Amino acid sequence: MPGMRILVVDDDPKIAAALKRLLTYEGYAVSVASDGEAALAEMLRVNPDLILLDLMLPKIDGLEVCRRMRAAGDQTPVLMLTARSSVPDRVAGLDTGADDYLVKPFAQEELLARIRRLLRTSESNEILTHGPLRLDVEAMEVAVDGHNAQLTALEFRLLEYLMRNARIVLSRAQILDAVWGLDAFTTSNVVDVYVRYLRQKLPDAAHCIQTVRGAGYVLKES
């Protein structure tokens, strides 16, 4: 599924670079993190559709990264890549919330097939809910208290990003990067404009999209 975002987390620069080249060639948007702390920060920045997660990482290992993700309610598909091949290691990875496990070294074709499967599964009938909001990712439909609302593609992407990061304060720079692919130095007020559009089109949920003065926006109940 070209165009989808994949986060590669591996402390071996050669492996990370090779994976980035392969996945970029296949049409995916790829970002890289080299340790567990950087991975958690990058997840918030890019909102990936899938994460390739090495187990042996500096600072925070892959198991703990996955454990923290799931504890926070983040259900992004995780494919663990590791040299550890024992059954207990595989079980530990799956028990912390990983969706699949691939032992190094692996064939590129198998890796790509597993990525496609996980992305298809994650897309299938995915429904996001928050308060009165219900968002059908696959159908690109939004409802407030059961009543459908019409959003443009960009408005939908903005709302999806806010809902996937509910209760987290997001800076304008983070939103610009994740939704529009623009860098933090962009001076446009496009984020504020589109937040206003959302509030106008979703009046019964406008109270959920809150401005945090000097910081950005957060989606949460009043």
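Please find, within segment 11-38, the residue that is surrounded by the most Cβ atoms within 10 Å (Cβ to Cβ) out of those that are at pLDDT 90 or above and in contact with a Leu (Cβ under 7 Å, 6 or more places away or on another chain). Applying the filter and picking the extreme gives Ala33.
Looking only at segment 39-71, filter to residues that are among the small types (Gly, Ala, Ser) and in contact with a helix residue (DSSP H, G or I) (Cβ under 9 Å, 6 or more places away or on another chain); which one of those is modelled with the highest pLDDT? Give the derivation first.
We begin by selecting, within segment 39-71, every residue among the small types (Gly, Ala, Ser); these are 39, 41, 62, 71.
Among the residues that remain, those that are also in contact with a helix residue (DSSP H, G or I) (Cβ under 9 Å, 6 or more places away or on another chain) are: 39, 62.
Working: Ala39: 94, Gly62: 89.
This residue is Ala39.
Scanning segment 130-151 for residues that are within 16 Å of Cys208 (Cβ to Cβ), in contact with a helix residue (DSSP H, G or I) (Cβ under 9 Å, 6 or more places away or on another chain) and not hydrophobic (A, V, I, L, M, F, W, C) gives His130, Gly131, Pro132, Asp145, His147.
Can you report the number of residues in segment 23-43 which are assigned to a helix (DSSP H, G or I) and within 20 Å of Asp99 (Cβ to Cβ)?
As a first pass, look at segment 23-43 and keep what is assigned to a helix (DSSP H, G or I): 23-25, 36-43.
Those left that are additionally within 20 Å of Asp99 (Cβ to Cβ): 23, 36, 39-40, 42-43.
Number satisfying all stated conditions: 6.
Can you give me the ranges of the strands (runs of 3 or more DSSP E) entirely in segment 94-169 with at least 2 residues that are within 22 Å of Met80 (Cα to Cα) and more than 17 Å from the chain's Cα centre (by Cα)? Please lay out each step first, then the result.
Values: elements: 100-103, 127-130, 133-136, 141-144, 147-149.
By residue number, 100-103.
For segment 50-57, the criterion of being within 25 Å of Arg172 (Cα to Cα), charged (D, E, K, R) and not in a loop (DSSP other than H, G, I, E, B) is met by no residue.
The values are calculated or read from the model by the stated rules, or taken from the named source; none is laboratory data. Treat the numbers as computed from the prediction; the structure is a model and nothing was measured. All Cβ positions, even for glycine, are placed from backbone atoms using ideal geometry, and neighbour counts span all protein chains on display.
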